[in-house]
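Enquirer: Let me give you the structure first, and then I'll get to my questions.
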Amino acid sequence: MSYRIRTIEEYHEAYAHSVKEPATFWTAVADAFTWQRRWDEVLQWDFTTPDVKWFVGGSLNITENCLDRHLATHGDKTAIIWEANDADHPSKYISYRELHAQVCRMANVLKKHGVKKGDRICLYMPMVPELAISVLACARIGAIHSVVFGGFSARSLVDRITDAICSVVITSDGIRRGGKNISAKTVVDEALKDCPSVRAVLVAKCTGEEVPMQAGRDHWIEEELKVVVADCPAEPMDSEDPLFILYTSGSTGKPKGVVHTCGGYMVYAGYSFANVFQCDEEDVFWCTADIGWITGHSYIIYGPLLNGATSLMFAGIPTYPDATRFWQVIEKHKVNQFYTAPTAIRSLMAAGHDLPDRFAMPSLKLLGTVGEPINEEAWHWYHEKIGKKRCAIVDTWWQTETGGILLSGLGDMTPMKPAHAGLPLPGVQPILVDQQGNEITGEAEGYLCIKFPWPSIIRTTYGDHERCRINYFAQYPGRYFTGDGARRDKDGFFRIIGRVDDVINVSGHRIGTAEVENAINEDAAVVESAVVGYPHDIKGQGIYAFVICDGEHADENAVRASVTATVERIIGKIARPDKIQIVSGLPKTRSGKIMRRILRKIAEGETGNLGDTSTLLDPGVVEEIKAGAQ
Ligand code: 7RM
């Protein structure tokens, strides 16, 4: 790719160019892609409304860039290697030509069911090739995909389907992950009782279990694929037409649908993949994320395929059947770049420091991390035991809203500093601000903002633009606010401290405290609750819930079990509290606001100084909570 940076000097040059002349810089990058119509203007932006448009007037289809474009030269190259959950299950190798044909077929199935450009399609599936194919099939015909992680509950699915008014759901019979089966179709059936917008359900056969099929609504994908052709023209999309919606948690109760658009997302996913991971022609790239999260969208599907790379997709988990599964897969498929989350590294480290010694993994060239800060101990273990001190580590910082990696090292070019995300990618202008929004320069700690748009910046939150403005652009006028605190050292390297809002990061997954509280409060035994994060050795952060229950429910263990089940039912297992403390009251100010600062300190194990508690309505409650802390 002509936009690939090869030396640190080239990086500095590209960076300077991107700041001085963003339009000519991004023109050169975008010219490496296939457009059906060239853009008239590179960028229009205003961070007040906000209103950001990239490659204005351009027309393209991202699947032409992911698939068609590679056929002449790379048709037989493997696009996707699929590794099953169970090691004895055969792997699949899908070439670019096969993937193109399957995407076209699936696109025709969608068309057959009346799906048109702009329609929203919900995907609730395991990590099978059909998921990647369905994502691309939507993009092929201009339908907007909304992938919902398979671990979410029926209720969460209802919220997401309803918010986006989806007309079709693509799912599977079941989901096999680790030693467990989740009946995806049953969850969908449950959800669809409350989703009148859905008129068709397309079901992939994955586990082979029996599932009820509702006549007229439910269809087996296998059968549908037999009656369509493998040819489907790519729908011309305006640069600013939405490509997908992906829901993510924020500081308010309801998850928001982050919207990414075709042109800018394509350019940045392609550009960032090539430069951060530095894959060579024959390399195998493995990102262990689930496609239900942004990392899977950008670095399992779009980024690698835009670059004609080979992307490994894994249906299992790191610890099944045992904690060497990742290393087995790396050896089996000769993985060259491996990209995972610190929580996975910590849990594998805890399973046995020396377990990876049995695997030489000579193919590995580069290691990556994403999703949460990596502690130095885990960084060194990753570097020594997995990379055998030969491989560079890139610590990539970004968000659902940023669409692609913004802060990171580039391959092995950038000097490594354990636990630092490193430098901004070309085109990215991060700044630190103080509480008042004043920019602070040099070595400093502050709130991380970005002062200039990059092509894959969030465009809106689906159906509610005002929410997008308030969430990201109102706090510090004229700037995109990330919600993270960060430190910058004398060399300009960034170290992310963590969220400064009411979002907690559990095993690299974003969970809003208000979302968990709302779920807990639905429990019949609960009067009120407050949720905070606390440091957790493996997960990074754990969920600590303080719960007031009504007088009739005296059995604390029963309340805990019930609260856990309620959260699972309403959100899903990923939001289950790690600790539940029953309390008689919560520390509130006279105006009725819960002082989370105090609860956070207690959850962290702080027993001494809790700061100023003089504004509390009832300071006595703090002593009680402290005494009962877990
Ligand atoms: C890609 C992703 C975003 C939040 C973000 C941070 C945290 C992500 C890093 C990180 C420290 C990193 N999207 N985060 N990457 N913190 N170092 N390398 O995770 O939308 O799900 O989460 O995750 O707090 O704001 S996300």
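The values are calculated or read from the model by the stated rules, or taken from the named source; none is laboratory data. All values derive from a computational prediction rather than experimental measurement. Reconstructed Cβ throughout: ideal geometry from the backbone, glycine too, with neighbour counts over all protein chains shown. The area values use the complete protein model at the heavy-atom level, side chains included, leaving out ligands, DNA and RNA. Shrake-Rupley method; radii C 1.70, N 1.55, O 1.52, S 1.80 Å.
Enquirer: Give me the dipole magnitude in Debye, nearest 20, for the chain about the Cα centre, with unit charges on the beta carbon: positive for Lys and Arg, negative for Asp and Glu.
Expert: Rounded to the nearest 20 debye, it is 500 debye.
Enquirer: Long-range amide H contacts for Asp218: which residues qualify at under 5 Å (H placed 1.01 Å from N, peptide plane, sequence gap of 5 or more or a different chain)?
Expert: Val201
Enquirer: Would you be so kind as to identify which of Phe546, Thr564, His465 lies farthest towards the positive end of the dipole of the stretch 463-567, taking Lys and Arg as +1 and Asp and Glu as -1 on Cβ and the Cα centre as origin?
Expert: His465
Enquirer: Of all accessible surface on the chain at a 1.4 Å probe, what whole percent is carbon and sulfur?
Expert: Percent of accessible area from carbon and sulfur atoms in the chain: 50.
Enquirer: Whole number in Å², please: accessible area per residue of the stretch 45-95, 1.4 Å probe, ligands, DNA and RNA not counted.
Expert: Spelled out: the 1.4 Å probe surface of the stretch 45-95, per residue, equals 38 Å².
Enquirer: Might you tell me the accessible area per residue for the stretch 423-478, computed with a 1.4 Å probe and given in Å²?
Expert: 40 Å²
Enquirer: By how many nm would the segment from Asp46 to Ala350 grow when fully extended, if each residue of separation counts as 0.36 nm and the alpha-carbon distance is taken off? It would help to have the intermediate numbers written out before the result.
Expert: On the way: separation 304, 0.36 × 304 = 109.44 nm, distance 4.74 nm.
Contour length minus Cα-Cα distance gives 104.7 nm.
Enquirer: Averaging sequence separations of C-alpha pairs under 8 Å and six or more residues apart, then dividing by the length of the chain, give the relative contact order as a whole percent.
Expert: 12 percent
Enquirer: Go through 454-461, 298-305 and give me the packing order, highest mean Cβ count within 10 Å leading.
Expert: 298-305, 454-461
Enquirer: Can you give me the relative contact order of the stretch 370-457 as a percent, contacts being Cα pairs under 8 Å and 6 or more apart? Show your work: numbers first, answer last.
Expert: Details: 128 pairs, mean separation 19.5, N = 88.
After rounding, I find 22 percent.
Enquirer: A further question follows. Report for the chain the percent antiparallel among DSSP-assigned beta bridges with both residues inside it, nearest 5.
Expert: Once the DSSP bridges in the chain are tallied, antiparallel ones form about 60 percent.
Enquirer: Consider just the alpha-carbon atoms of the chain and return their Rg together with their Dmax, both in angstrom.
Expert: 24.0, 74
Enquirer: In the chain, which whole DSSP H runs stretch at least 27 Å along their own axis (Cα) and average 1.6 or higher on the Kyte-Doolittle scale?
Expert: None clear 27 Å together with a mean of 1.6.
Enquirer: Looking at the square roots a ≥ b ≥ c of the eigenvalues of the Cα gyration tensor of the stretch 335-388, which shape do they give, rounded for a/c under 1.5, prolate if a/b is larger than b/c, or oblate?
Expert: Oblate is the answer for the stretch 335-388, as a/c is 1.5 or above yet b/c matches or exceeds a/b.
Enquirer: Further, regarding this structure: Tell me the GluC sites (Glu not before Pro) within the stretch 481-556 that lie in a loop according to DSSP and have at most 12 other beta-carbon atoms within 10 Å.
Expert: Answer in residue order: Glu552.
Enquirer: Could you calculate the FRET efficiency of Thr252 with Thr73 from 1/(1 + (r/R0)^6), where r is the beta carbon distance between them and R0 is 51 Å, rounded to 0.05?
Expert: My answer for the efficiency is 0.60.
Enquirer: To continue, here is another question. Of the peptides 131-137, 252-258, 98-104, how do they stack up when ordered by the mean number of other Cβ atoms within 10 Å, highest first?
Expert: Final packing ranking: 131-137, 98-104, 252-258.
Enquirer: Then there's this: What ranking, highest mean first, results for peptides 339-346, 205-212 when packing means the other Cβ atoms within 10 Å averaged over each residue?
Expert: In descending order of packing, they fall as 339-346, 205-212.
Enquirer: Shifting gears a bit: Once you put a point 7 Å from the Cα of Ala87 and another 7 Å from the Cα of Thr7, both along the Cβ direction, what distance in nm separates them?
Expert: 4.4 nm
Enquirer: For the stretch 539-629, what is the accessible area per residue in Å² when the probe is 1.4 Å?
Expert: Dividing the accessible area of the stretch 539-629 by its residue count gives 49 Å².
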